[in-house]
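Data first, discussion second: the structure below is written as structure tokens.
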Amino acid sequence: MAYTEEELKKELETKEYEYGFYTDIESDTFPKGLNEEIVVGISKKKEEPEWMTEWRLEAFRVWKEMEEPEWANVHYEKPNFQDISYYSAPNKKPKYNSLDEVDPELLETFKKLGISLDEQKKLAGVAVDIVMDSVSVATTFKKTLAEKGIIFCSISEAIQEHPELVKKYIGTVVPQKDNFYAALNSAVFSDGSFCYIPKGVRCPMELSTYFRINQAGTGQFERTLVIADEGSYVSYLEGCTAPSRDENQLHAAVVELIALDDAEIKYSTVQNWFPGDKEGKGGVFNFVTKRGLCEKNAKISWTQVETGSAVTWKYPSCVLKGDNSIGEFYSIAVTNNFQQADTGTKMIHLGKNTKSTIISKGISAGQSQNSYRGLVQVNSRAENARNFSQCDSLLMGNRCGAHTFPYIETKNKSAQIEHEATTSKIGEDQIFYCNQRGIDTEKAIALIVNGFSKEVLNKLPMEFAVEAQKLLEISLEGSVG
Amino acid sequence: MLEIKDLHASIEDKKILKGINLEVNPGEVHAIMGPNGSGKSTLASVIAGKEEFEIKKGSISLDGEDLEELAPEERAHNGIFMSFQYPVEIPGVSVTNFIKTAINESRKARGLEDMPANEMLKLIREKSELLEIDRKFLSRSLNEGFSGGEKKRNEIFQMAMMEPKLAILDETDSGLDIDALRIVANGVNKLRSKDNAIIVITHYQRLLEYIVPDYVHVLHDGKIVKSGSKELALELEEKGYDWLKQEAVL
Ligand SMILES: Nc1ncnc2c1ncn2[C@@H]1O[C@H](COP(=O)(O)OP(=O)(O)OP(=O)(O)O)[C@@H](O)[C@H]1O
Ligand SMILES: [Mg+2]
């Protein structure tokens, strides 16, 4: 018989989570539940200054009064916020100077993930700050960076060592009360990364962070703050994988980017959290607030490859405050089985001659739902603002869905806004053509999907693009045998 | 090499091939002609293994191996190549990337390593020169926005790259201008050897002046109603198919 859509779907659904394992590292975990005591406890544990504790408490009080949002095109059982432990840190307080000092089991985990520090160290030009179970356990290349005055460390360390920078910028792009998840994050964030590029400095390497979630029942609340001072440039990579689990894992990160005058930030993400099994059970809930602020002539590019999570709710955004500033959003979102993704971006044009570009590629298989939600807002003072949006969807089978929700709000007549959308299916003819040239169906799908996603893949730094392609293949491949 | 015996094939219970017999030996060129809808492309697709078509009766074998059980990609690995009448577009996948994948997948099936990049490059250079293809063309998305003629030339480029044992060219001449026809035919001829064979499906005698067939077959309503030498093609050009249809009915 023909390779029917039915079979295609089956094949796609038989993919098991590749990184389906978790390690047994002793850890120091808080009791479940959330109240002021816990918030203070987290702050104490991290030996934070009082202003930080106060900031967290403010956020907690706001959060208590807030309702979980309902409007995204996703359906899931809401997490019980009192049934989550808000802090977990590997027991052996890590301040390793060499790999020998690192818990061997942790190293084993890294090996399974294919990101052993050994390898990473060799990967010239990539400094890795690995966040595992909420505490940074390894930072490399720090010295090279320090010579240029670049600060790249965990946010906890930054709070200790560079309080003036943290105090000045934290919450300025994503305020505590911004939304339900951002407020929660502000109250309980466990760790994350901090990066500061001084005036006029071009960061000589890609800064890379691998995020992992590794404790049953611990929510992850990462906080990232990247500041590019005037005329500086940085490319920042964030990637992650997660072990499989029965219980849903909540992840509510906040990422704030600040590009001062003439600065440029490239922020790339490859995300591969456990999407849940074939019945849709388990998997990570990913509710993320990512936002960047551009001052005059500044530029921020978000590039993301999303293949994981049971539920993804994520809109990396740019506030184009300064005149002539530029915001870009390039995204590939893959959903399979019962995954639900509601992603997109917001481009807020405030300054004159501001420009934004949105390229979104959605790939849906199985019974998944893939939604693009984008807002382009042009303020009354934003003369000559321009936006170009392109949303392409690729469907595999008849049971999945792709949805596009473009919102456009313009208060200035000089705005030029273009929106294009396409929906296509992988055709049997395409697959047969590949088969005829000796390419089997699995590989053919990977090839077609990679082709479909190319405009976005091309935006990723080289080594990340390779990884992203692999991820795309893994998320859509039918596992052989 | 290729042996087709009493082949019956249908799609959704519609009978299309109704008892085809054909034997192709190494070194031979066979031309298949016949009116629109007679089943020429279907025959090509069935040989290549398109699974929509169901083989109801008869057999196809290549070098003594029954093809029915083999997936299309396995047939390709065994050296079957089909130049499509309507090549499909694959957006975002460059000609180079596609052919590289095709070659390496076939090598993998034979237990070989990927072809080293410099060797691949050399091969691409050589074959694109043979078919007078601009190198810039090779970086474009496969068949996307290609003109009819460009698509056909690209099919033959792929054939040249893959060096198949049995090539089936389905109306490769349609859409080619006179110069392109000469270039493509010349390319095909360069690939002829005593070890491989070609089946040329065409409506026009002109292609057969360049790629001279050893045999010409006429397909009508799912059956080969007449076989002959290259002169048969001339006769068809002159008289059309009606006289053969009459004969077939009788
Ligand atoms: N997928 C299909 N579904 C239904 N009918 C089909 C299908 N494919 C082919 N046919 C039918 O089978 C018959 C033979 O088609 P085929 O394409 O093999 O003809 P052909 O000889 O190649 O014609 P042409 O010279 O126009 O290319 C036609 O009547 C066609 O409509
Ligand atoms: Mg045909």
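The values are calculated or read from the model by the stated rules, or taken from the named source; none is laboratory data. Since the model is a prediction, treat every value here as computed from it, not as a measurement. FYI the Cβ positions are ideal-geometry reconstructions off the backbone, even for glycines, and counts take in every protein chain you see. The area values use the complete protein model at the heavy-atom level, side chains included, leaving out ligands, DNA and RNA. Shrake-Rupley method; radii C 1.70, N 1.55, O 1.52, S 1.80 Å.
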*Output the qualifying pairs, or none if there are none: Cβ atoms under 6 angstrom, residues six or more apart or on different chains, first residue in segment A:428-450 and at the interface with chain B (Cβ under 8 Å from one of its Cβ atoms), second residue among the basic types (Lys, Arg).*
A:PHE432/B:LYS50
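Residue check: is B:ILE124 of a type in the set (Val, Ile, Thr), more than 16 Å from ligand 2 (Cβ to nearest atom) and either away from every other protein chain (no Cβ under 14 Å) or open to solvent by 40 Å² or more (accessible area, probe 1.4 Å) (or both)? Lay out the reasoning, then the answer.
Values: of a type in the set (Val, Ile, Thr): yes; more than 16 Å from ligand 2 (Cβ to nearest atom): yes; either away from every other protein chain (no Cβ under 14 Å) or open to solvent by 40 Å² or more (accessible area, probe 1.4 Å) (or both): yes.
Yes; evaluated as a whole, the condition is true for this residue.
Being among the acidic types (Asp, Glu) and more than 7 Å from chain A (Cβ to nearest Cβ) is the filter; apply it to segment B:81-113 and report the residue that is nearest to B:SER174 (Cα to Cα).
Narrowing segment B:81-113 to residues among the acidic types (Asp, Glu): B:89, B:105, B:113.
Still in the list and also more than 7 Å from chain A (Cβ to nearest Cβ): B:89, B:113.
On the way: B:GLU89: 18, B:GLU113: 37 Å.
So, considering only residues that are among the acidic types (Asp, Glu) and more than 7 Å from chain A (Cβ to nearest Cβ), the one nearest to B:SER174 (Cα to Cα) is B:GLU89.
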*Is at least one residue of segment B:72-80 more than 8 Å from every other protein chain (Cβ to nearest Cβ), among the charged types (D, E, K, R), surrounded by fewer than 21 Cβ atoms within 10 Å (Cβ to Cβ) and in contact with a Lys or Arg (Cβ under 8 Å, 6 or more places away or on another chain)?*
no
*Identify the single condition in (1) under 15 Å from the mean Cα position of the chain (by Cα); (2) open to solvent by 20 Å² or more (accessible area, probe 1.4 Å); (3) within 11 Å of chain A (Cβ to nearest Cβ) that B:SER41 does not satisfy, given that it satisfies every other one.*
(3)
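Return the total of residues in segment B:189-206 being within 16 Å of ligand 2 (Cβ to nearest atom) and farther than 12 Å from B:GLU237 by Cα. Full working, then the answer.
The first filter runs over segment B:189-206 and keeps only residues within 16 Å of ligand 2 (Cβ to nearest atom), leaving B:199-204.
Next cut, farther than 12 Å from B:GLU237 by Cα only: B:199-201.
Matching residues across segment B:189-206 total 3.
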*Test for A:ASN387: is it free of Cβ contacts under 8 Å to residues at least 40 places away in the same chain, closer than 27 Å to A:GLY322 by Cβ and touching a strand residue (DSSP E or B) at 6+ places or on another chain (Cβ under 9 Å)*: no
*Looking only at residues in segment A:330-353 that are crowded, with 22+ Cβ neighbours inside 10 Å and without any contact (Cβ under 8 Å) to a residue 40 or more places away in the chain, which one is farthest from A:THR422 (Cα to Cα)?*
A:ILE348
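Give the residue, chosen from A:GLU418, A:GLU409, A:GLU383, A:GLU455, that is open to solvent by 70 Å² or more (accessible area, probe 1.4 Å) and facing chain B (nearest Cβ under 9 Å). Outline the logic, then answer.
Working: A:GLU418 fails: facing chain B (nearest Cβ under 9 Å); A:GLU409 fails: facing chain B (nearest Cβ under 9 Å); A:GLU383 fails: facing chain B (nearest Cβ under 9 Å).
Being open to solvent by 70 Å² or more (accessible area, probe 1.4 Å) and facing chain B (nearest Cβ under 9 Å) holds for just one of A:GLU418, A:GLU409, A:GLU383, A:GLU455, which is A:GLU455.
Could you pull out the residue among A:ALA216, A:ALA259 that is at pLDDT 85 or above, more than 16 Å from the chain's Cα centre (by Cα), farther than 22 Å from A:TRP55 by Cα and of a type outside the set (S, T, N, Q)? So that I can check it myself, show each step before the final result.
Values: A:ALA216 fails: at pLDDT 85 or above.
The unique qualifying residue is A:ALA259.
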*Residues of segment B:55-69 being within 14 Å of chain A (Cβ to nearest Cβ) and open to solvent by 30 Å² or more (accessible area, probe 1.4 Å), which ones?*
B:ILE55, B:LYS56, B:GLU68, B:GLU69
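Residues being away from ligand 1 (no atom under 16 Å from the Cβ) and surrounded by fewer than 23 Cβ atoms within 10 Å (Cβ to Cβ): count how many of those fall in segment B:167-178.
Taking segment B:167-178 as the starting set, the residues that turn out to be away from ligand 1 (no atom under 16 Å from the Cβ) are B:167, B:177-178.
Add one more test, that the residue is surrounded by fewer than 23 Cβ atoms within 10 Å (Cβ to Cβ), and what stays is B:177-178.
Result for segment B:167-178: 2.
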*Of residues in segment B:7-26 being modelled with pLDDT of 95 or more and in a loop (DSSP other than H, G, I, E, B), the one farthest from the other protein chains (Cβ to nearest Cβ)*: B:ASN25
*How many residues does segment B:198-214 hold that are away from ligand 1 (no atom under 16 Å from the Cβ), touching a strand residue (DSSP E or B) at 6+ places or on another chain (Cβ under 9 Å) and over 14 Å from B:ILE168 (Cα atoms)?*
2
*Give the residues of segment A:183-205 that are buried (at least 20 other Cβ atoms within 10 Å of the Cβ) and outside any loop (DSSP other than H, G, I, E, B), sorted by residue number.*
A:ALA183, A:LEU184, A:ASN185, A:SER186, A:ALA187, A:VAL188, A:ASP191, A:SER193, A:PHE194, A:CYS195, A:TYR196, A:ILE197
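Looking at B:ILE60, B:ILE32, can you tell me which residue is at negative phi, touching a helix residue (DSSP H, G or I) at 6+ places or on another chain (Cβ under 8 Å), touching a residue at least 24 places away in the same chain (Cβ under 8 Å) and near ligand 1 (Cβ under 9 Å from one of its atoms)?
On the way: B:ILE60 fails: near ligand 1 (Cβ under 9 Å from one of its atoms).
Exactly one of B:ILE60, B:ILE32 is at negative phi, touching a helix residue (DSSP H, G or I) at 6+ places or on another chain (Cβ under 8 Å), touching a residue at least 24 places away in the same chain (Cβ under 8 Å) and near ligand 1 (Cβ under 9 Å from one of its atoms), namely B:ILE32.
Among the residues of segment B:30-43, is there at least one that is of a type in the set (Lys, Arg), modelled with pLDDT of 95 or more and within 16 Å of ligand 2 (Cβ to nearest atom)?
Restricting attention to segment B:30-43, the residues satisfying the condition of being of a type in the set (Lys, Arg) are B:40.
Still in the list and also modelled with pLDDT of 95 or more: B:40.
This time we only want the ones that are within 16 Å of ligand 2 (Cβ to nearest atom), so: B:40.
Yes, there is a match, as at least one residue in segment B:30-43 is of a type in the set (Lys, Arg), modelled with pLDDT of 95 or more and within 16 Å of ligand 2 (Cβ to nearest atom).
Of everything in segment B:37-53, what is farther than 24 Å from A:GLU442 by Cβ and outside any loop (DSSP other than H, G, I, E, B)? Give them in sequence order.
Quick first cut of segment B:37-53, residues farther than 24 Å from A:GLU442 by Cβ only: B:37-44.
Hits for segment B:37-53 are B:LYS40, B:SER41, B:THR42, B:LEU43, B:ALA44.
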*Taking B:LEU181 as the residue in question, decide whether it is surrounded by 15 or more Cβ atoms within 10 Å (Cβ to Cβ), touching a residue at least 12 places away in the same chain (Cβ under 8 Å), in contact with a strand residue (DSSP E or B) (Cβ under 9 Å, 6 or more places away or on another chain) and not charged (D, E, K, R).*
no
*For B:ASN143, state whether it is buried (at least 20 other Cβ atoms within 10 Å of the Cβ) and within 12 Å of another protein chain (Cβ to nearest Cβ).*
yes
*Just wondering, is there one or more residues in segment A:391-401 that are open to solvent by 20 Å² or more (accessible area, probe 1.4 Å) and farther than 19 Å from A:GLN339 by Cα?*
no
*asked:* For A:ALA127, only one of the following conditions fails: (1) farther than 17 Å from A:LEU207 by Cβ; (2) at pLDDT below 50; (3) not in a helix (DSSP H, G or I). What is its number?
replied: (1)
